[in-house]
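As structure tokens, the structure follows; a few thoughts come after it.
Every number here is computed from the coordinates shown, using simple stated rules; none is lab data. Predicted model only: the values in this text are computed from it and were never measured. Note: ideal-geometry Cβ built from the backbone for every residue, glycine included; neighbour counts use all protein chains shown.
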């Protein structure tokens, strides 16, 4: 697998963590460099990361979006330590991921807009995005059972989504995660995994 993205992207990090947990090597192409970004644009009209290119037996497959890439890795190599939800749990996991990704995308948009000189107070829309982040973080804390969204301990896609989002929030100083004790404990527990420590974002 050839993986395009940045080392600070939480969505790219999810793919990196899954690949490491499954013991799958990959070539990482940083899109922070002009040549890497130019190469990425040859594979996706979205110009977004993560994008993964698989070449097998002379056949090339290009996948966009972390969920698609992770689903493909699972189908090819099994789920490793990750537990997929039962049919009865699936709706809860999908809701959790939808909420977490909504907060993460809002936070990323605010981060880049602030880099362009816009403050959160510049428009009601931006204020709403900031409030959405806070709402989701409060909700997520209320749903946790230790290091899982489910009463039985598990590492699934919802937990991976939350962990990478929280680490991004802390790394980019986007949200005061420390005011949520359960979220802090969740981070602490999962940070013990080598794949989590190895992929923590760095400047």
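What is the stretch 72-113 by shape, rounded, prolate or oblate, if you read a ≥ b ≥ c off the alpha carbon gyration tensor as root eigenvalues and call it rounded for a/c under 1.5, prolate for a/b larger than b/c, and oblate otherwise? Note, shape of the stretch 72-113 comes out oblate. In plain terms, the residue of 66, 107 with the fewest other Cβ atoms within 10 Å comes first and the most crowded comes last, giving 107, 66.
Over the chain, Cα pairs under 8 Å with separation of 6+ residues give a relative contact order of 22 percent. Remark: relative contact order (the stretch 90-194) = 28 percent; criterion is Cα-Cα distance under 8 angstrom and separation of 6 or more residues.
Among beta bridges identified by DSSP and lying wholly in the stretch 2-77, the antiparallel ones come to about 70 percent. Rounded if a/c is under 1.5, else prolate if a/b is larger than b/c, else oblate: which is the stretch 2-77, with a ≥ b ≥ c the root eigenvalues of its Cα gyration tensor? Taking the square roots of the gyration eigenvalues as a ≥ b ≥ c, the stretch 2-77 is oblate.
A P(r) calculated from all alpha carbon pairs of the chain, with 5 Å bins opening at zero, reads 1, 7, 15, 18, 20, 17, 12, 7, 3, 1, 0 percent. Computed over the alpha-carbon pairs of the stretch 134-176, the distance histogram in 5 Å steps reads 5, 22, 30, 25, 13, 4, 1 percent, short to long. Semi-axis lengths, largest first, of the ellipsoid equivalent to the stretch 50-154 are 31, 24, 9 Å, with √(5λ) applied to each eigenvalue of the Cα gyration tensor. Converting the Cα gyration tensor eigenvalues of the stretch 99-203 into ellipsoid dimensions via √(5λ) gives semi-axes, longest first, of 25, 16, 10 Å. For the chain, adding -39500 (n - 2.57) for each run of n ≥ 4 DSSP H residues and dividing by the number of residues yields -17000 deg cm²/dmol at 222 nm. When 150, 28 are arranged by Cβ crowding within 10 Å, least crowded first, meaning fewest neighbours, the order is 28, 150.
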